[in-house]
Every structure is written in structure tokens, then in C-alpha cells.
Ligand SMILES: [Zn+2]
């Protein structure tokens, strides 16, 4: 009889600095076969039992009731699916639940409570996961993305599934070792096509091929989740012994720690004023100007009008603000109609910590249903959206038949460019704007981070490797941030 393995999970990247909450309406829940619909086929030899997967885009902490409702449904389904030999989890790793803390730690502990200590629990994580030692203790094998921007989600999921299938069909019990580095990085400092991330991640497959190693991950963490587990982590899984896993995890951690000062941006990073000046004088135009502090791709609101204010102050023209979330202004512009002049109080309604609405006289250029409006304010064109915006404006811009190449500069609410923006830009400049995804971590009001931590505290240091763990211990964990 084939071993039975449940497939499930909850995925969220939570920004703790946001005052907003991720609620029920933000989550997309897939149930049954739909759980597998967006993934590559799972390996043969195992009876896969898809149950439930819930995911929401990066935003504020998850509302407790929302999390509990999804979790409890998942646990009920798991209970009903017993007996199970294993569980294959799709997680993010940076989910923070209001009043509860680390969501993945809670979820996996409760899953263990249903399936028992003997079931094999495998999971896939985002590269920006903040891994807790308890999460590692309650799982048998975790593997994470190896590329930022993330172009390897499917490959990571396939690898996790292969690990699960191998363990379930052979009875292999792997050993995991986690080393928490006393170090945080904005994701923007670790684009994997840039040094030092490129060469460190370039060695991961080599590490996987080392004697006794099954899998290895370097997790950059999510610096905008303020949790005791927020840090860079090295995680190695061995089929041989805890000592092997631990030795390789410590080596990887040491390599990263030794190169910690080399991590940095792939693009020019400037204060907003000079960033705009540089974009406006860029030969040939087509520059993408990242509004890095208000990046919805890392949980910010995407509604701060700070860059727009700077652009108007600079008398900029030929600039497109490719997406700003503001339901009220969008509806007002739509109601006014194309060609109308109207006064708007743009943005600053969701993130009221870092900004305030910006009063402007605007002309309505285009609208789409009651969801989108394009307005011009002086020489600046602004795409207003009633709902959440992604980092890229291409879908909106394509819908509206606008020509991106016609602009000297396009302001996008993101950090590093990905997808369409990355392909299309003729230059990339990052503006150091304030917000819930501020790249200057020292400006953020951390309360839960383990200190000292690099780069906030110069006294941070990587603890020397300790004595080997007892052989019976499934997980070994070292480091300054347990
Ligand atoms: Zn990520």
C-alpha cells in the first residue's frame, strides 16, 4: 500500500510595522484538488491527499480570528484524513499572527498534535522566511527558494515533494540543523543575481551534493516582521547524522557572516529628491524609480503620496506614478469623468503613520470601471487604484493602453524590480522613502527582535560552534537568536 501524505499549508508574509491587519477577505483558500492545481505534478509512489491551502499577499499581521478559522479547518480536515504517514506543507515562513506571534510555529505544532510524532513532515518556505527553532524541531525536512526575485517557486515545491516522497517510501528520517545568524537584511540587499548572494547561493547545489547532505537553504528572512525569530538563517538537512547537518549549517552561516558587510543594493540608492533628479536627467528615459519605503510586495500599504509630493515640488514632467492605492480618490475621479478637473486628497489614508493625504488639482485622463483612474497633476500622470496594487503597473497600464516607453520615469511601489518591470526598465533607481518597508532598518521601531543584531548593533557576533548535540535529538540549533 502506498504511504498517505496530506498536502496543505498557510502562507503569509506579515509586515509588523503596518497598522493594518490581514483579514478573511485577503485570503484565497484552496480546498481539495484545487490545492494541487497550480503546482507541478507530485511524484508517484505516494497517495497525496490535498486538503487546504490558504494564502494572502504580503500585508499587516494576520488577524487572530482569521488565522484560527483557517488553521482549525485545516486541522479538522487533517483529523478526518487520518491515518497519514506524512504531511507536505507549503508555507512562507514570515507569518505573524496578532496576539499569537509566529504563525508557522503554532500551525506546525498543532499539525504534529494531529498526525503524531512519527509522521514525516516536509515543508517548502520562501527565501524571506524567519525560521524559528521550534518550526525546525517539529518538521523533518524544510527547503526554501534560492532565488530573489523568486523565479523558483515551482522548483522548490517539486524539491520538497521529492524529499517527502523519498522519506515516505524509504523510511529515511533526516536530521535538520538550523543556525540563526545575529543579522537582518532588507530583501533588497540580497538579490541573488548580485554579489555576494550570487556566489553564496551559487554554492547551494554544491552543498546539496556533499556527502550526507540532502538539502540546504539560506534564508534571508523578512526584516519587516518584528519577531524574536527575525534573522538570516542557515538550514541544512542530512540523511546521515545531526553532526553532518550541523557542520554544514555552521559553515554556511560563517561564510554569510564573514561577508555580511558586502550585502547591498543592486541599483543606485538615493534620497527621494536626488533620486528624482537622477531619473529626470537619465539619458533616453525609461527609468524605473522604486518607492522603496512603501512596497506592497513586502506588506506596505502602497498609498503614500510622498514621491508624488517630491515630484510636484521638483516641477517634474513626463513621469508616471504607476500605481497608488486610494479607493476614495479613484471613485471621485471616476465619478467626475474623463476630461473633468477635480480636487483630490491623494493617498495617506491607510498608512497614516508615515504620510498624510496630498491635496492636488487633477484632470481625469482615463478610467476603468470604478477600479482605476488615471489623472494628471501638473506634468505627472498618476494611476489610482481602488484596491490593492502589486509592484508592477503593467497590467493596469496595458489595460488602459498606455505606453510606458513614452515616460522619462515610472515610479513603482517596490524595492528590487521583478517580472515585467525588470525586463522593461532602461534604468533602475531606488528612492529611500519612509514607510513600513523602509530600507533603513535603523529607522524602524523594532520591539521583538533579538539584540544585538547586525547591522543595528556593532556588538553583534556569530557565536562559536558549540558541542555536538545528543544523537537522539532530531534537530540541532545554534546561534545567537533562538
Ligand atoms: Zn520572498
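What follows draws every value from the coordinates through simple rules; no lab data is involved. In this text, all values refer to a predicted model and were calculated from it rather than measured experimentally. So basically every Cβ, Gly included, is an ideal-geometry build from the backbone, and we count neighbours across all protein chains shown.
Values computed for the structure shown
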item	result
The stretch 1-148: relative contact order as a whole-number percent, Cα under 8 Å and 6+ apart	27
Ordering of 51-58, 147-154, 318-325 by packing [mean C-beta count within 10 Å, highest first]	318-325, 51-58, 147-154
Taking the chain and dividing mean pair separation by its residue count, relative contact order in percent (alpha carbons under 8 Å, at least six apart)	17
Alpha-carbon centroids, the stretch 405-471 and the stretch 13-44: separation in whole Å	24
Potential lengthening between residue 195 and residue 424 on full extension [0.36 nm per residue; Cα-Cα distance subtracted]	80.2 nm
Centroid-to-centroid separation of the stretch 165-223 and the stretch 230-268 [C-alpha atoms, Å]	7
Using alpha-carbon coordinates, inclination of helix 103-115 to the longest axis of the chain, degrees	40
DSSP bridge orientation in the stretch 268-438 - percent antiparallel, rounded to nearest 5	45
0 to 90° range, to nearest 10: angle between helix 327-336 axis and the chain longest Cα axis	30
Value at 222 nm in deg cm²/dmol, rounded to 500, when DSSP H runs of n ≥ 4 in the chain each add -39,500 (n - 2.57)	-7500 deg cm²/dmol
Cα→Cβ-extended label distance, 7 Å offset, between residue 243 and residue 38, nm	4.4
Peptides ranked, highest mean first, by Cβ atoms within 10 Å: ranges 181-190, 15-24, 236-245	181-190, 236-245, 15-24
FRET efficiency estimate (nearest 0.05) - Cβ-Cβ, residue 100 to residue 352, R0 25 angstrom	0.50
Efficiency of FRET between residue 64 and residue 281 - r from beta-carbon atoms, R0 41 angstrom, step 0.05	0.25
Bridge type composition, the chain - antiparallel percent by DSSP, nearest 5	40
Alpha-carbon centroid distance for the pair the stretch 312-347 / the stretch 134-154, whole angstrom	41
Packing-based ranking, highest mean first, of 69-78, 345-354, 442-451, 110-119 given that Cβ atoms within 10 Å are counted	345-354, 69-78, 110-119, 442-451
For the stretch 74-127, the fraction of alpha-carbon pairs in successive 5 Å shells from zero, as %	5, 18, 28, 24, 16, 8, 1
Area projected by the alpha carbon convex hull of the stretch 88-154, averaged over all directions, nm²	4.7
Average projection area in nm² (convex hull over Cα atoms of the stretch 232-285, one quarter of hull surface)	6.3
P(r) of the stretch 207-310 over all Cα-Cα pairs, binned every 5 Å from zero, in whole percent	2, 10, 14, 13, 14, 11, 10, 9, 7, 5, 3, 1
Cα-based Rg and Dmax for the chain, where Dmax is the largest Cα-Cα distance (Å)	23.3, 74
Scattering curve values for the stretch 268-438, log₁₀ I(q)/I(0), Debye with Cα scatterers, q = 0.14, 0.16, 0.18, 0.20 Å⁻¹	-0.62, -0.83, -1.08, -1.38
Projected-area average for the stretch 269-343 over all orientations - Cα convex hull basis, square nanometres	6.1
Net length gained if the chain between residue 262 and residue 456 were fully extended (0.36 nm per residue, minus Cα distance)	68.3 nm
Chain lengthening between residue 118 and residue 369 when straightened (0.36 nm per residue, less Cα-Cα)	85.0 nm
